[in-house]
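Student: If you scroll down you'll find the structure; I have some questions about it.
A short reminder: the numbers here are calculations on the coordinates, not readings from a lab. Treat the numbers as computed from the prediction; the structure is a model and nothing was measured. Cβ placement follows ideal geometry from the backbone for every residue including glycine, while neighbour counts extend to all protein chains displayed.
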Amino acid sequence: MEIRIRNTGEVMTEVTFRDTFRDRVLPVQLTEEWLNGFAGGCDVVFEGPQPTPDNRYQFVIRQGVEEIEGKWFTKYVLIEPGDEGKAAADANQAAQTRSERNRRLSETDWTQGKDIPDTISLPWAAHRQALRDVPSQAGFPWDVTWPEPPSA
């Protein structure tokens with residue numbers, strides 16, 4: 001729970017509120033009604049709605065609190081990063097996709113041993129090559145189609 005102190009506008013968590021007013025006797029359960037009458041009045045801050053990003057680059061951040069019809073809510077806004085932010089997001093996604101590709105490759109290392117028959121190693125070699133080719137897919141790094149492993 002978050003609490004807004006009316007006379008200062010400060011917003012704090014319940015833990016911070018209890019620590020700030022540890023010299024006072026506070027009820028175990030802080031209710032909206034009790035907070036309303038406490039030391040000049042306090043308000044419960046309810047969780048506000050969060051906007052939904054329209055694209056893979058946008059992200060949501062909290063931007064304080066706002067009053068709506070006499071109640072206080074957390075306020076969230078969409079942020080659209082600039083070119084540097086988009087490039088960083090692309091680089092991060094590419095690193096994650098390559099990491100997943102490398103994990104899938106390492107899980108198939110056993111298929112390429114000298115003692116593995118061609119009936120097993122050749123189909124898996126083609127699958128491993130398809131994994132290595134993932135970064136050259138048109139949708140990389142965001143829209144990747146992972147190759148299906150050979151059937152047993």
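Student: Mind checking which residues of region 131-144 are surrounded by 16 or more Cβ atoms within 10 Å (Cβ to Cβ) and more than 22 Å from the chain's Cα centre (by Cα)?
Tutor: Within region 131-144, Leu131, Val134 meet the criteria.
Student: Tell me, yes or no, whether region 75-98 has at least one residue that is of a type outside the set (D, E, K, R) and more than 24 Å from the chain's Cα centre (by Cα).
Tutor: Going through region 75-98, the residues of a type outside the set (D, E, K, R) turn out to be 76-79, 81-82, 85, 87-89, 91-97.
Cutting the leftovers down to more than 24 Å from the chain's Cα centre (by Cα) gives us none.
No, region 75-98 has no match at all.
Student: Anything in region 10-33 that is closer than 23 Å to Glu66 by Cβ, surrounded by 10 or more Cβ atoms within 10 Å (Cβ to Cβ) and either of a type outside the set (Val, Ile, Thr) or in contact (Cβ under 8 Å) with a residue 24 or more places away in the chain (or both)? List them, or say none.
Tutor: Matches in region 10-33: Glu10, Val11, Met12, Glu14, Phe17, Leu30, Glu32.
Student: List every residue pair whose Cβ atoms sit under 6 Å apart, with the two residues 6 or more apart in sequence or on different chains, where the first one lies in region 40-54 and is surrounded by fewer than 14 Cβ atoms within 10 Å (Cβ to Cβ) and the second, anywhere, is among the polar types (S, T, N, Q) and assigned to a loop (DSSP other than H, G, I, E, B).
Tutor: Every condition considered, the pairs that remain are Gly40/Asn7.
Student: Out of (1) in contact (Cβ under 8 Å) with a residue 12 or more places away in the chain; (2) surrounded by 13 or more Cβ atoms within 10 Å (Cβ to Cβ); (3) assigned to a helix (DSSP H, G or I); (4) not aromatic (Phe, Trp, Tyr), the odd one out for Gln96 is which?
Tutor: (2)
Student: Consider Val77 against the criteria (1) surrounded by 13 or more Cβ atoms within 10 Å (Cβ to Cβ); (2) in a strand (DSSP E or B); (3) not aromatic (Phe, Trp, Tyr): it satisfies all of them except one. Which criterion is unmet?
Tutor: (1)
Student: Which residue pairs have Cβ atoms closer than 9 Å, lie 6 or more positions apart in sequence or on different chains, and pair a first residue in region 125-143 that is of a type in the set (S, T, N, Q) with a second residue that is loosely packed, with under 12 Cβ neighbours inside 10 Å and assigned to a loop (DSSP other than H, G, I, E, B)?
Tutor: From residues that are of a type in the set (S, T, N, Q), the pairs are Gln137/Asp143; Gln137/Thr145.
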